Amino acid sequence: MRILIVEDNPDIRTLLVSVLKRADHEMVEASDGVFVQRWITDTEPDLMMPEVDGWEVLGKLKTEPLTRDIPVIISSALDEPEDFAKAFEMGAIDYIPKPWNAADLV
């Protein structure tokens, strides 16, 4: 499975990639939503960031015919019930609050 990791903190991004690679997943890394939008357009993948935040990226993904069926998991330091609700209402399939441990990811 190919997983796109979008995380603005390089240390957290490296940790996510390390954990998920151990589960034999292919990783694509991004630090901002602008890259994500460009990467999705260029690669046409199977089904709080700088410049563009995660909510905006999720909204864009779920409104585009090419990307609306891509499963999205949100990981965020926002951990209020309304944040979880917003993610699911917008089409995310899971919400993992930060900080997390490796068992939460696989």
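The values are calculated or read from the model by the stated rules, or taken from the named source; none is laboratory data. Just so it is clear, the structure is predicted and the values come from calculations on it, not from any experiment. All Cβ positions, even for glycine, are placed from backbone atoms using ideal geometry, and neighbour counts span all protein chains on display.
Could you check how many residues of segment 3-15 are out of contact with any Leu (no Cβ under 7 Å at 6 or more places or on another chain), under 22 Å from Ile70 (Cα atoms) and not in a loop (DSSP other than H, G, I, E, B)? Break it down stepwise before answering.
Filtering segment 3-15 for residues out of contact with any Leu (no Cβ under 7 Å at 6 or more places or on another chain) gives 4, 6, 8-15.
Narrowing further to those that are under 22 Å from Ile70 (Cα atoms): 4, 6, 8, 13.
Those left that are additionally not in a loop (DSSP other than H, G, I, E, B): 4, 6, 13.
Counting residues in segment 3-15 that are out of contact with any Leu (no Cβ under 7 Å at 6 or more places or on another chain), under 22 Å from Ile70 (Cα atoms) and not in a loop (DSSP other than H, G, I, E, B) gives 3.
Looking only at segment 30-74, filter to residues that are in contact with a Leu (Cβ under 8 Å, 6 or more places away or on another chain) and under 23 Å from Asn101 (Cα atoms); which one of those is modelled with the lowest pLDDT?
Met48
For residues that are of a type in the set (D, E, K, R) and touching a helix residue (DSSP H, G or I) at 6+ places or on another chain (Cβ under 8 Å), tally how many sit in segment 65-93.
Adding up the residues that qualify gives 2.
Yes/no per residue for (1) part of a helix (DSSP H, G or I); (2) at negative phi; (3) hydrophobic (A, V, I, L, M, F, W, C):
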{"position": "Ile40", "(1), (2), (3)": "yes, yes, yes"}
{"position": "Gly59", "(1), (2), (3)": "yes, yes, no"}
{"position": "Pro71", "(1), (2), (3)": "no, yes, no"}
{"position": "Ala85", "(1), (2), (3)": "yes, yes, yes"}
{"position": "Phe88", "(1), (2), (3)": "yes, yes, yes"}
{"position": "Ala92", "(1), (2), (3)": "no, yes, yes"}
{"position": "Tyr95", "(1), (2), (3)": "no, yes, no"}
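Hey, Asp24 hits all of (1) more than 14 Å from the chain's Cα centre (by Cα); (2) at pLDDT 90 or above; (3) at positive phi but one; which does it fall short on?
Against the list (1) more than 14 Å from the chain's Cα centre (by Cα); (2) at pLDDT 90 or above; (3) at positive phi, Asp24 comes up short only on (2).
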